[in-house]
Each structure stands twice: as C-alpha cells, then as structure tokens.
1. Surrounded by 14 or more Cβ atoms within 10 Å (Cβ to Cβ), part of a strand (DSSP E or B) and in contact with a strand residue (DSSP E or B) (Cβ under 7 Å, 6 or more places away or on another chain) - does that describe any residue in the stretch 58-72?
2. Any chance you could count how many residues in the stretch 275-288 are of a type in the set (Ser, Thr, Tyr) and within 10 Å of the ligand (Cβ to nearest atom)?
3. May I ask you to list the residues in the stretch 226-265 that are modelled with pLDDT under 95 and touching a strand residue (DSSP E or B) at 6+ places or on another chain (Cβ under 8 Å)?
4. So which residues in the stretch 174-193 are farther than 16 Å from THR130 by Cβ and surrounded by fewer than 19 Cβ atoms within 10 Å (Cβ to Cβ), if there are any at all?
5. So, of the residues in the stretch 199-236 that are more than 29 Å from ASP60 (Cα to Cα) and under 17 Å from the mean Cα position of the chain (by Cα), which turns out to be surrounded by the most Cβ atoms within 10 Å (Cβ to Cβ)?
6. For residues in the stretch 127-154 being surrounded by fewer than 17 Cβ atoms within 10 Å (Cβ to Cβ) and within 16 Å of the ligand (Cβ to nearest atom), which is modelled with the highest pLDDT?
7. Quick check, is GLY268 modelled with pLDDT under 95, exposed (fewer than 13 other Cβ atoms within 10 Å of the Cβ) and within 16 Å of the ligand (Cβ to nearest atom)?
Amino acid sequence: MKSIIRFIKALGTLIAKIPFIIIKGILGPDEYDENGRRIRGGKIRGIGGKQMKQQTDYDDLSDAEEISTSKKFLNSLKEDLGGEIITRRDDDGSTDFLYLKFSYGERPCRVVMDPSWGTPELQIKMKNTTGILAIKHNMKMKQEHITVDPEWDAVDKRSVKLFLAPGIIIDEYHDEMSAMVTLIQEMPEGLIGEITAFIADSNVEYLLYDAMIIDAEFGSDIFKRNYREQLPAILDMFMSHCEFFESGNRNISPKPKVYISGRPAMTGSIPGITECSYCHAAVLRTAGGACGNCGAPL
Ligand SMILES: [Zn+2]
C-alpha cells in the first residue's frame, strides 16, 4: 500500500512538472557548460580565476568587499569620465547593482556593476533605425549540422548557431536570424569584422545592439582586465557604430528576452548563410571567403 502511495505521489510531482517542461521546450534551449551546469548569462562563478596575478581573486571577496571594490572601480572611471554613481537596492535594502551614469560625446552611457560577479556591463543610448544584432561569445559553444533530421533531432534545435568566429555566434530562430544576416550584409565593409575582433579581444560575453541601447556584457572581472585604460577606445568604437545603427529608416522594437518566432532556422534556407563542408558550422557566405569557425575555404 505504501509503495502505491509513493508511486502516486511521484506521478503527481511529475505531472505538476509537465507544463514547466513544455514551456521550456517552447522557449528554447538553456545553455550549459561542459560539466552540465547551467550558465547564468554565460557566467559561472568560481571558474577561470586561478591564473590571475593579483593576490585576491574576485570570487574570494566577501559580499561587503565586492560592493566596496565595485564602487572603487566605478569611482576610478568617474575620475576620467565624470558622471554620477547610482546604487540600486533590493527590497531588503541590500545593494543589488551599482552604475556610473555619464555622457560621452553627449550620448548617455552607463557602466553597470553587479557586485556578485565583478564583471562590468557597458550601455550606450542610441536610436537604432537599422536593426537588432545580438552576438554571444562562449568558446564552449560547438558547431552542429544545420541540416536537421526531424526523426532524430530535438525541438531545441530549432535555432541555429551562426559562427562569426570560433565561439562567437549569433544564436537565433529563423526570422530573427534572417533579419540579422540582412543587417550584416548592409554594414559598411569591415564593420562586422571589427565587432567580432572586439568581442574576442575584450572577452565580451554578450553584445546587443538593441532598439534603444548598445549593451556589452564583459566576461572578465575587474581584477583581470584594465577596463579604465581600455574604456575610452571602446567608447569611441561604439560611437562610430552608432552612426551606422542610426542611419537606417526602420522602426525597431526592442529585442524580447526570449524569441518565440519558433520558425526553424536549421534548414539552411537563409540567404547569406552556408554550412562549412569541413567543420559543419553555419557561417556567413562571403565572396571568396573562409569559414568563420575553422578557416576552411567555403
Ligand atoms: Zn569550418
């Protein structure tokens, strides 16, 4: 009898989880590292900090130290850029995040610090009239065949990973991918290359040219990289990108957190995309070009 009750309870738990499982399926894939841990915005705490020179690892800081260190960092930026430091608090009064609000070339900008990660996020206001572009950077991201066999491949393969360079990808459903590839084809020569090189060099984990802002999430914490020194050049680069993104005549709506267009992107039916016959990554089809992922001639 007990075992029957136990079985019914287990069944009840499973049934309760089904809507959640279905929603997850609709919303698309989560990302996991190679050890199967879920990646929060591409960041995994406590990994990759061991090789740094400083005697303190950001991950070893106490909560109070994280906040004071983040504040000190923003204060150092403020010396160069001016502006004002704002603290956002949780309902319980604890610090949620801090940011430096400043103007650069008369453009409103912010450097946002989430003290628990120690990685800055740069946001620049613009009025995007050309299109949305979202690029992820994660070296663990692996290419996959874009020709999918519905008999074998799971629902979460509906989005396709387009490789601009190793680990630097656009990961979208069909409609969104089409729009982004069109946007790239409209770019002045060299711009997508500059963006890709910047992501690789600065270890940006997520770069979004959205309807109202450019948002760059850096992957290295403030102990590992001299952001103060690098920021002016990065800001200058983004100022020039604003010229392109503000030069169009499209009405752009902000990028939803999760796309639900649900149209398969794995068929290779998007003009401008091809599958590298050597590594099978989906890559941009450029004239006389090479595979963005492995370098093989296309
Ligand atoms: Zn390749």
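The values are calculated or read from the model by the stated rules, or taken from the named source; none is laboratory data. Quantities reported herein were computed from a predicted structural model and do not represent experimental measurements. Neighbour counts run over all protein chains shown; Cβ positions are idealised from the backbone, glycine included.
1. no
2. Start the filter on the stretch 275-288 by keeping residues that are of a type in the set (Ser, Thr, Tyr), which leaves 277-278, 286.
Now narrow it down to the ones that are within 10 Å of the ligand (Cβ to nearest atom): 277-278.
Number of matching residues: 2.
3. LYS255, TYR259, ALA265
4. Residues satisfying the conditions are ASP175, GLY190, GLY193.
5. Among them, the one singled out is TYR209.
6. Initial filter on the stretch 127-154 (surrounded by fewer than 17 Cβ atoms within 10 Å (Cβ to Cβ)): 127, 129, 139-140, 142, 144-145, 147, 149-154.
Subset that is within 16 Å of the ligand (Cβ to nearest atom): 139, 142, 144-145, 147.
Details: MET139: 86, LYS142: 73, GLU144: 65, HIS145: 58, THR147: 56.
Going through the qualifying residues, I end up with MET139.
7. Numbers: modelled with pLDDT under 95: yes; exposed (fewer than 13 other Cβ atoms within 10 Å of the Cβ): no; within 16 Å of the ligand (Cβ to nearest atom): yes.
Considered against the rule, which asks whether it is modelled with pLDDT under 95, exposed (fewer than 13 other Cβ atoms within 10 Å of the Cβ) and within 16 Å of the ligand (Cβ to nearest atom), GLY268 comes out as no.
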